[in-house]
1. If you wrap a convex hull around the Cα atoms of the chain, how much volume per residue is inside, in Å³?
2. Below 12 angstrom from the Cβ of Gly161, what's the summed charge of the other residues (Lys, Arg +1; Asp, Glu -1)?
3. Given Lys334/Lys354; Lys72/Lys132; Lys72/Lys148, which pairs have Cα atoms separated by over 19 Å?
4. How big is the C-alpha Rg of the range 265-307 next to the rule-of-thumb value 2.2 N^0.38 Å, as a ratio?
5. Considering the Cα trace of the range 171-211, what is its radius of gyration and what is Dmax, both in angstroms?
6. In straight Cα distance, which aspartates and glutamates are under 14 Å from Lys236, not counting same-chain residues fewer than 8 positions off?
7. With only alpha-carbon atoms in the gyration tensor, what are the semi-axes of the equivalent ellipsoid for the range 210-254, in Å, largest first?
8. Using a 1.4 angstrom probe on heavy atoms only, work out the carbon and sulfur share of the accessible area of the range 240-322 in %.
Amino acid sequence: MEKLTWGQVLGRRLQRLHVTDPSPGLIETAGRLIGVHAQVASSGELIAGVRTPSYQLGDAATALWTDRTLVKTWGMRGTLHLFPAAELPLLVSAWGHRQWPQVNAAWERYHGINLAALQQITEVIGEVLPGKVLTREELLTEIAAVVKAPGLAEAVRSGWGQMFKPAAAGGLLCSGPERDRKVTFTSPRTWVPDAPWDDAPDQHTALDTVIERFLDVYGPATHEDFSRWWGVDAAKARRLFKEHTEVMVEVELDGVTRWSTPGTLEATLTVDDGAAAGVHLLPGFDPYVIAPIGHRTRTIPDGFVDRVSRAAGWISPVLVVDGVVRGVWSHEAKNGTLAVSVEPFATVRAATKKAAAVAAARYGELLGADDVRLSWE
C-alpha cells in the first residue's frame, strides 16, 4: 500500500479543485467540482468565479436560463447545486438509490406528510411539469387537486424543498427562471431535452463514475467522507464502497487507510510536499472546506472548526495559507468599493497579507469594484 503525505494530498486537492490550476470555463468548473454549491446563490457565483478567470458576474444565470448548459437542482446532501446539463442524466441514475428519505414517525410529525403522500406528490410533479414552468403556488394547486393531506400546503410552501427533493433526485424537477421574483420549477427532461436522457448509464455504472470522480477530486477519502458528501448514512456508504472497489485503490495517509483512484494516486505521488504553498481567499460553502470532512483535522486548526462550520450548516469564507485554514473573512460591496475584512486565527506575516491583497483583487473584479480595501481584525 502506497503512503502519501499531507503536503502531497493538499497540493493535489488544490490543483484538482481549480484553486491553483485555473479552470478554462464555467461548465468545466461545475463538472470538475461535481456541482457548484448554490444553496446561497451569491456564494455559488464566487465559487465559480474565483476558479474561472473568464467568469463574469451573471455568467451562471446566462448558462442556466439562456444557454441551458447548467441546471439548478437539489443534489448531494439534498442541497441546491449547479450541474452541467449534459451530466444530469448520469447523476439522476446515481441518485436513484437514495431518492426516498428515511421517513419515520418523527419525520412525518415534523413535515406533516407521510411517505405515501410524498410518493403521490412526486407522481403528480412528474405528470404536470413536463413542458411547463410553474411557481411554487401553481405547483401546489396541481398537487392539492390530487393529494389530500392536512399539512400539504405548509409542507410544499417550505423554502427547504423537502417535498420536491425526491422528484429532483428522480430527474422529474429542477429550478426554472424566476418569474416576478418568485422561484419556479420545471421538468429537466423538457428544459434540457438535448441532455443524454436516453443514454444514461444504469445505476451501478453511474455510481462507479460518481465514486471515481469523488475520489479523484476530493480524495483520498474514507467511506465516511463519501457518506457526508453524498448524503447517505455511513453503513450504506461502506456497502457502496465494497460494491465499487473496481474503481479504487487503498492508500495510507497519516496512518489511516483511505481510498483513491489508480490515476489520482499515481499523480499525487509525483506532487511535491510544497505544492500546497500559497495564500487563497475562498468563498463561503467552498468545496475545499466541505469535502472530505475527514481532512478537517489537518486543514482546520484545533479549536476553530466552529468558526468555519457554523450553525445551521453555514460554511464561512476562509483564508487558506499553505493548504490550511488560517482565518475567516467577509466582504461588503458598496458604491464601487469592496471592503474585505479578514479575521485570522493567529498573527499573520506581512507576506501573507500581501498575497491576500492579490486574492482580494479578484473579488473586486468579480463584483465590479473600482477600489478594494483589505483590513485585518
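The values are calculated or read from the model by the stated rules, or taken from the named source; none is laboratory data. Quick caveat, the model's predicted, so the values are computed rather than measured. Here Cβ is always computed from backbone atoms with ideal geometry, including for glycine, and neighbour counts include all displayed protein chains. Ligands, DNA and RNA are excluded from the accessible area calculation, which covers all protein heavy atoms including side chains. Shrake-Rupley method; radii C 1.70, N 1.55, O 1.52, S 1.80 Å.
1. Spelled out: Cα convex hull of the chain, divided by residues, is 149 Å³.
2. Local charge sum for Gly161: +4.
3. Beyond 19 Å: Lys334/Lys354; Lys72/Lys148.
4. 1.36
5. Cα only, the range 171-211: 13.9, 42 Å (Rg, Dmax).
6. Excluding near neighbours in sequence, the set is Glu224, Asp225.
7. 15, 12, 11
8. 51
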